[in-house]
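The values are calculated or read from the model by the stated rules, or taken from the named source; none is laboratory data. Note that the coordinates shown come from a computational prediction; the quantities given were computed from them, not determined experimentally. With ideal geometry, Cβ positions are generated from the backbone for all residues, glycine too; neighbour counts draw on all protein chains shown.
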Amino acid sequence: MAKALIIGCGAVASVAIHKCVENYKVFDEICIASRTKAKCDALKAKLDGKTSTKISTAQIDAKNVEALVNLINDVKPDVVMHLALPYQNLAIMEACLRTKVNYLDTANYESEDIPQFSYKEQWALNDRFKEAGITALLGSGFDPGVTGVFTAYAMKHHFDNIETIDILDCNAGDHGYPFATNFNPEINIREVTDKGCYYENGKIIETESMEIKRVYNFPEIGNKDMYLIHHEEMESLIKNVPNLKRFRFFMTFGESYIRHLRCLENVGMTSIEPIDFHGQKIIPLQFLQAVLPDPASLGARTKGKTNIGCIFHGTKDGKPKDYYVYNVCDHEECYKEVGSQAVAYTTGVPAMIGAMMLVTNQWNLKGVRNIEEFDPDPFMEALNKFGLPWKESFNPDIVE
Ligand code: NDP
């Protein structure tokens, strides 16, 4: 029996909260704390009476370390699940260090002023987490998250040596809007307007944003355009997979999304440089976020499926081998189950499972850890149980 403090009450947190209360035998108490307490109270009201998990709520500014320490001391959780935004990772980790409580997130740290995400600042806290005898589990969403678990699983069960990894993230969902993002618009647009990059033979090779395009025939979906982008897993997997020769990450984008994104970029709406507007400083990207649909509202209108997985190439017993492991998730099924679309679902479920691994002590390595450092087997089993079953192919189409 454990208590989780969940920070954030947006699209991803809402799914993780539904899944914690479904898993009431592990999470008998949760506290939902976010910037806007009314959202936490509304979710509590929806769930109370349907679960034996005791739910409390709180208001928190997750950038304020002192306030976080007070909240953690009040709630006394076994784990802090940080499901707000990547800007707050370091403040929440600092509060966990001061209170000696396990930490988990789904996205690596990014400063609000510089659109560059990296694990470096979080990894720098490794010795302090070890000394405190606690764990920081980094990246327990789908990608990063399940993709790291898939990699650990492939290393443990299918390969002596992995040479290449291609992560393929396909969202074939249609929400009917000409342009909307599937998770927090500000974070999403910062990610996809960044330059692309991949890893090959010991070097990181930079590309222009969406310069490299491939078409892939996704199982249960069909042919989709996908683009090579810079994604968080690269930084940890090139460190944690010995002898890796190449790592690439591809994400699908529809024509309408790309056309709108290019236009918004060209007119300066994706910029994070503050501008003067009628005597007030505003950040164009934050203004854009305010006029775009809230990702949490897309669930009711989104139809279609996601397919996210990893294609590995390497050797086993001296012979070359390919292995593709992936999950297919249906937007409408997710909405029926928890009132959210599949992008939030595929992130919120692994967040709950990661927290479960920590509080049940199935994962007990101390320090600041990426998800591929842990035993993948209990996590893979939990994916099947909690709504993200995975499939395998030993003869997949290969990305050129
Ligand atoms: P949302 O914008 O829907 O939710 C963010 C939540 O954080 C909101 O409840 C917001 O509060 C709260 N929040 C923001 N700032 C603060 C603050 N200073 N203090 C307290 N609460 C705050 O985002 P998503 O749910 O779409 O995304 C959540 C996280 O998941 C992001 O970090 C994103 O990068 C990550 N993610 C990871 C994926 C993966 O596969 N690994 C995939 C998709 C997302 P308010 O309600 O007041 O706005």
Condition broken by Ala300, with the remaining ones in (1) of a type in the set (A, V, I, L, M); (2) surrounded by fewer than 24 Cβ atoms within 10 Å (Cβ to Cβ); (3) touching an Asp or Glu at 6+ places or on another chain (Cβ under 7 Å) satisfied: (3)
Matching strands (runs of 3 or more DSSP E) fully within segment 253-324 where at least 3 residues are out of contact with any Lys or Arg (no Cβ under 9 Å at 6 or more places or on another chain) and either hydroxyl-bearing (Ser, Thr, Tyr) or under 25 Å from Asn171 (Cα atoms) (or both): 305-316
Filtered residue count, segment 57-72, keeping only those that are within 11 Å of the ligand (Cβ to nearest atom) and closer than 23 Å to Val26 by Cβ: 2
Checking Met210 against (1) surrounded by fewer than 18 Cβ atoms within 10 Å (Cβ to Cβ); (2) at pLDDT below 95; (3) away from the ligand (no atom under 16 Å from the Cβ), the condition it does not meet: (1)
Number of positions in segment 1-18 that are modelled with pLDDT of 95 or more and more than 14 Å from the ligand (Cβ to nearest atom): 3
Residue match in segment 331-341 (condition: among the aromatic types (Phe, Trp, Tyr) and within 19 Å of Thr147 (Cα to Cα)): no
Residue count for segment 78-91, restricted to those that are more than 9 Å from the ligand (Cβ to nearest atom) and buried (at least 23 other Cβ atoms within 10 Å of the Cβ): 3
Pair list, Cβ under 6 Å, 6 or more apart: segment 339-358 residue over 24 Å from Thr135 (Cα atoms), other residue within 11 Å of the ligand (Cβ to nearest atom) and not in a helix (DSSP H, G or I): Gln341/Leu298; Ala342/Thr306; Val343/Asn182; Val343/Phe183
Lys336 being surrounded by 17 or more Cβ atoms within 10 Å (Cβ to Cβ) and either away from the ligand (no atom under 11 Å from the Cβ) or of a type in the set (S, T, N, Q) (or both): no
Boolean, Val21 is in contact (Cβ under 8 Å) with a residue 24 or more places away in the chain, within 21 Å of Val101 (Cβ to Cβ) and out of contact with any Lys or Arg (no Cβ under 9 Å at 6 or more places or on another chain): no
Filter pass, Leu237 being buried (at least 20 other Cβ atoms within 10 Å of the Cβ), farther than 16 Å from Ile212 by Cα and touching a residue at least 12 places away in the same chain (Cβ under 8 Å): yes
Residues of segment 301-333 that turn out to be among the polar types (S, T, N, Q) and more than 16 Å from the ligand (Cβ to nearest atom), as a count: 1
Some residue of segment 166-175 being more than 21 Å from Thr252 (Cβ to Cβ) and surrounded by 19 or more Cβ atoms within 10 Å (Cβ to Cβ): no
When residues of segment 183-207 are limited to those that are aliphatic (A, V, I, L, M) and touching a strand residue (DSSP E or B) at 6+ places or on another chain (Cβ under 7 Å), the one nearest to the ligand (Cβ to nearest atom): Ile204
Single unsatisfied condition, Val75 versus (1) surrounded by 15 or more Cβ atoms within 10 Å (Cβ to Cβ); (2) free of Cβ contacts under 8 Å to residues at least 12 places away in the same chain; (3) more than 14 Å from the ligand (Cβ to nearest atom): (2)
Evaluation of Ile221 against (1) within 16 Å of the ligand (Cβ to nearest atom); (2) of a type in the set (A, V, I, L, M); (3) touching a strand residue (DSSP E or B) at 6+ places or on another chain (Cβ under 8 Å) (one fails), failing number: (1)
Test: residue in segment 172-191 that is over 21 Å from Pro295 (Cβ atoms) and touching a helix residue (DSSP H, G or I) at 6+ places or on another chain (Cβ under 8 Å): no
Glu29 being modelled with pLDDT of 95 or more, surrounded by fewer than 22 Cβ atoms within 10 Å (Cβ to Cβ) and within 21 Å of Gly299 (Cβ to Cβ): no
